[in-house]
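One structure is given here, and the rest of the page talks about it.
No lab work stands behind these numbers, since they all come straight from the coordinates. Remember, predicted model here, so these are calculated numbers, not experimental data. With ideal geometry, Cβ positions are generated from the backbone for all residues, glycine too; neighbour counts draw on all protein chains shown.
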Amino acid sequence: MLTTLALYQSSLRWFEASSCKPAPRDLPSSLAQPRGALTDNESAIRVTAHGTIQGYNGQALVDSQDQVIIHGEAFGDAQDLHLIPPVLDGAKENMRAIGCGEDYFVGKTFTADSNYHSPVNLKKCEEEGLDAYIPDKRFRRRDPRFHDEHRQRQRRSDRLTAGDFRYEEERDEYLCPKGGVFRLQVKGTVVDGTIYRRYSHEGEGCQGCELKGRCVKGKKAKRSTVMIPVGSVIGNLSKAMAAKVDSEKGRRIYHHRIAIAEPVFANLRTLKARNRFTVRGKIKANIQWLLYCMVHNIGKILNYGLKYAFT
């Protein structure tokens, strides 16, 4: 399988980088602010479904037909918000190695879960011409199919909103229903493609306020800011993607993602028992992850035989 050969060549490049790189005489600047493990500062603390762990984030780009791994790479990052660009660049390099053109991914359908929904990732998909479907964190709340899901809590109908705060135009301030003053702190901040003016409260907080239950969540919480929407970013990729995923076609396509990518990780973690890294350092961890990916792809050769051995 040529994609397995490309992964093997990629692992060799990482191995050469590891063996030929001279040891630094001075401590790298990254060691000045360790991210949780002094013995492996390139790793990261990750909160996962399997608990909080110190390790690496194994990424894999999988084809939808037979779940062949096109590209894999391990990152020392806890979040997936900026990982699509390097993964796509690595996949393009692998496809070039087996004779495919630069425009191979143009028009291809690409799906990823909501952890990848970010301006950086969405922009990369747009630049590569992908037909991408990457939902935001709130897509299930907008989907009528999950309306009765027990995990979705109904919002209080009497919850206070920005409309309940009185605006004092002369002083450019907002007053909460109990008289708390919120003064302008930031004129323009962007959240999910929407531009807000942020007003901050410098008082003692909401302790003892009879409206606290309607205003904030949590017994010890207090309202320190009021966010007032004033506009939206032109060419908002996030809102455009949300509308795309919420469409009938988008829901139909994204629904298949779990049957494409998740079985690959289940195969590696459970059936192949490749559920942890046994080395330290980004380069070594990445080589090990590529070996895991090759083990998966070799299994595809055994299962499908000549269909993939010479393509």
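Structure notes:
- When each of the peptides 284-296, 243-255, 75-87 is scored by how many other beta carbons lie within 10 Å of its residues on average, the order from highest to lowest is 284-296, 75-87, 243-255.
- Peptide packing for 97-105, 209-217, 128-136 was compared via the average number of neighbouring C-beta atoms within 10 Å per residue; ordered from the highest value, the list is 128-136, 209-217, 97-105.
- Legend: calculated FRET efficiency, V186 to I301, from the Cβ-Cβ distance at R0 = 45 Å, rounded to 0.05, equals 0.20.
- Extension gain, T278 back to V106 (0.36 nm per residue minus Cα-Cα distance, nm): 58.2 nm
- Surface/4 of the Cα convex hull for the stretch 38-121, nm²: 7.0 nm²
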